[in-house]
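Trainee: Could you have a look at this structure, given as structure tokens, before my questions?
The values are calculated or read from the model by the stated rules, or taken from the named source; none is laboratory data. All figures in this text were calculated on a predicted structure; none of them were measured in a lab. Heads up, the Cβs are rebuilt from the backbone with ideal geometry, glycines too, and the neighbour counts pull from every protein chain shown. We work out accessible area using only protein heavy atoms, side chains counted, and drop any ligands, DNA or RNA first. Shrake-Rupley method; radii C 1.70, N 1.55, O 1.52, S 1.80 Å.
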Amino acid sequence: MAENTGPSEVPAEQKVEAVGVPSPVQLVRTLHLMQDQIAVGSTEAHVAQRGLLGILDDRFMNLEPETWQSGKNVQAAISFVLSGGNPSILRKLLGLGASVIAESDRPLVEGALAYVEGREDAAQSVLASVDPRSLPPMLGAQLALAQSALIVRKDAAKSDELLDFVRLQAPGTLLEEAALRRQVFIASQTGKMEKFQSLATDYLRRYRHSIYAGNFRQRLASALTRIDFGKEASRFDGFVAMMSELEPEARRDLYLLASRSSIEQGFTKSAQMLADKARELAGTDQESRARAKLYRAASLITSPQSIDGAVNELRSIDRSNLTASDVSLLDSALAMADQIRRVPDVQSRVATPAKPEVTKVAAEAPVSASAPAQGLEQLQALSKARDALRRVDKLIKN
């Protein structure tokens, strides 16, 4: 080959491989393989990723300028940066000018750089013209994931469509894991409950051990507060079936997280149902039992029929089994219950709700210094929403 082919005729990526230096394509493939291990729960891969990114940063920056005359290598650099690599390599490529970067690659380089630097308007303006279907599968999936994030607040439907594309292009990868996490959030916000349940079940079956599963569970708990389980019990049954994909301990923790979130959002019936499920799974875990007891009792204090029992439950909780934030909620619930009980003739007001003065009293009553302001404000909101407690169940469903 040396005798019959001049140096100028050898492709850039072949020259790199000839001297034993991995090509940009090979370097990125190594990074992606490690990140796919993160998606299935490898903590070792997660720890090692930072070191690998540092090594690859140096490798990319020290490659010869002629390396970038290959479009595949330029795309590898873009993929590297979208995978968490140092964006300096893209600035270097742009500085090399048109003699190195093809005009067709420039929008993708500029857009990717703007995206990772947080210049959303510039990134959206440039990347909107790039069709992810025109790129290799992995890079196309990365681009679609970025495009989805850029437009989710303006066009949730289009963002969701792009995430569908990501999952089709990159199954079993960290990209698919990220797309699923984001889609669950979009589905819940847009009211697509069937898709929400389907995607969440898929995630729990395949990626529940992901390093980022904690983020998913936070989103899932937040999404659950938008569902009126008190109105549609069938949805709760479907949610319980979905949760069966998790181990009992993880299931219990998510029930608790969702119950707490439901209290903060004012869905007290949902909070009660979720707390009951958590209590079933608490077993001998005293902290979990205390939390389930707290959330259930806190969800019942605005009902005249259950306030006495709820207060007794709250007072019987061992505070040593609660976190600081849950102790704050406990104090707030007791303070709110005390305010409600101060209203004279509550039952008569419930029977003749001409003037919902409970709301006024709850809002104007002095707050104990021991009751944290944030938790009390949340519980006051629940009381105000009940219109003198007579229409508790009806307003919970709104």
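Trainee: Which members of the range 230-258 meet the condition of being open to solvent by less than 10 Å² (accessible area, probe 1.4 Å) and either modelled with pLDDT under 80 or not aliphatic (A, V, I, L, M) (or both)? First the steps, then the outcome.
Mentor: Pass one, the range 230-258, residues open to solvent by less than 10 Å² (accessible area, probe 1.4 Å): 239, 242-243, 246, 254-256, 258.
If the condition is that a residue be open to solvent by less than 10 Å² (accessible area, probe 1.4 Å) and either modelled with pLDDT under 80 or not aliphatic (A, V, I, L, M) (or both), then PHE239, TYR255 are the ones that fit.
Trainee: State which residue is farthest from the chain's Cα centre (by Cα) when the search covers only the range 256-285 and only residues that are part of a loop (DSSP other than H, G, I, E, B) and either among the hydroxyl-bearing types (Ser, Thr, Tyr) or closer than 16 Å to ALA223 by Cα (or both). It would help to see each step written out before you state the result.
Mentor: Initially, the range 256-285 is screened for residues part of a loop (DSSP other than H, G, I, E, B), giving 266-267, 283-285.
Remaining after also requiring either among the hydroxyl-bearing types (Ser, Thr, Tyr) or closer than 16 Å to ALA223 by Cα (or both): 266-267, 284.
Working: GLY266: 21, PHE267: 21, THR284: 30 Å.
Here the answer is THR284.
Trainee: Being touching a residue at least 24 places away in the same chain (Cβ under 8 Å), open to solvent by less than 40 Å² (accessible area, probe 1.4 Å), out of contact with any Phe, Trp or Tyr (no Cβ under 6 Å at 6 or more places or on another chain) and under 23 Å from LEU94 (Cα atoms) is the filter here; which residues of the range 32-76 pass it?
Mentor: If the condition is that a residue be touching a residue at least 24 places away in the same chain (Cβ under 8 Å), open to solvent by less than 40 Å² (accessible area, probe 1.4 Å), out of contact with any Phe, Trp or Tyr (no Cβ under 6 Å at 6 or more places or on another chain) and under 23 Å from LEU94 (Cα atoms), then LEU53, LEU56, ASP57, PHE60, LEU63, THR67, TRP68, SER70, GLY71, ASN73, ALA76 are the ones that fit.
Trainee: For the range 299-324, enumerate the residues that are under 26 Å from the mean Cα position of the chain (by Cα) and either touching a residue at least 24 places away in the same chain (Cβ under 8 Å) or crowded, with 23+ Cβ neighbours inside 10 Å (or both).
Mentor: The answer is SER299, LEU322.
Trainee: On to the next question. Could we say that LEU108 is free of Cβ contacts under 8 Å to residues at least 60 places away in the same chain and surrounded by 14 or more Cβ atoms within 10 Å (Cβ to Cβ) here? So that I can check it myself, show each step before the final result.
Mentor: Working: free of Cβ contacts under 8 Å to residues at least 60 places away in the same chain: yes; surrounded by 14 or more Cβ atoms within 10 Å (Cβ to Cβ): yes.
Yes: the conditions hold for LEU108.
Trainee: Taking SER210 as the residue in question, decide whether it is within 20 Å of the chain's Cα centre (by Cα), buried (at least 20 other Cβ atoms within 10 Å of the Cβ), in a loop (DSSP other than H, G, I, E, B) and not hydrophobic (A, V, I, L, M, F, W, C). It would help to see each step written out before you state the result.
Mentor: On the way: within 20 Å of the chain's Cα centre (by Cα): yes; buried (at least 20 other Cβ atoms within 10 Å of the Cβ): yes; in a loop (DSSP other than H, G, I, E, B): yes; not hydrophobic (A, V, I, L, M, F, W, C): yes.
Yes.
Trainee: Looking at SER148, SER104, SER198 in this structure, which one is more than 27 Å from LEU33 (Cβ to Cβ), of a type outside the set (Phe, Trp, Tyr) and part of a helix (DSSP H, G or I)? Even if it seems obvious, please write down each step before you answer.
Mentor: Numbers: SER148 fails: more than 27 Å from LEU33 (Cβ to Cβ); SER104 fails: part of a helix (DSSP H, G or I).
One residue alone meets the criteria, SER198.
Trainee: Scanning for something over 21 Å from the mean Cα position of the chain (by Cα) and either in contact (Cβ under 8 Å) with a residue 60 or more places away in the chain or outside any helix (DSSP H, G or I) (or both), does the range 172-184 turn up at least one residue? Working first, answer last.
Mentor: Narrowing the range 172-184 to residues over 21 Å from the mean Cα position of the chain (by Cα): none.
No, the range 172-184 contains no residue that is over 21 Å from the mean Cα position of the chain (by Cα) and either in contact (Cβ under 8 Å) with a residue 60 or more places away in the chain or outside any helix (DSSP H, G or I) (or both).
Trainee: Continuing with the same structure: Right, ASP338: open to solvent by 50 Å² or more (accessible area, probe 1.4 Å) and modelled with pLDDT of 50 or more or not?
Mentor: Working: open to solvent by 50 Å² or more (accessible area, probe 1.4 Å): yes; modelled with pLDDT of 50 or more: yes.
Yes; evaluated as a whole, the condition is true for this residue.
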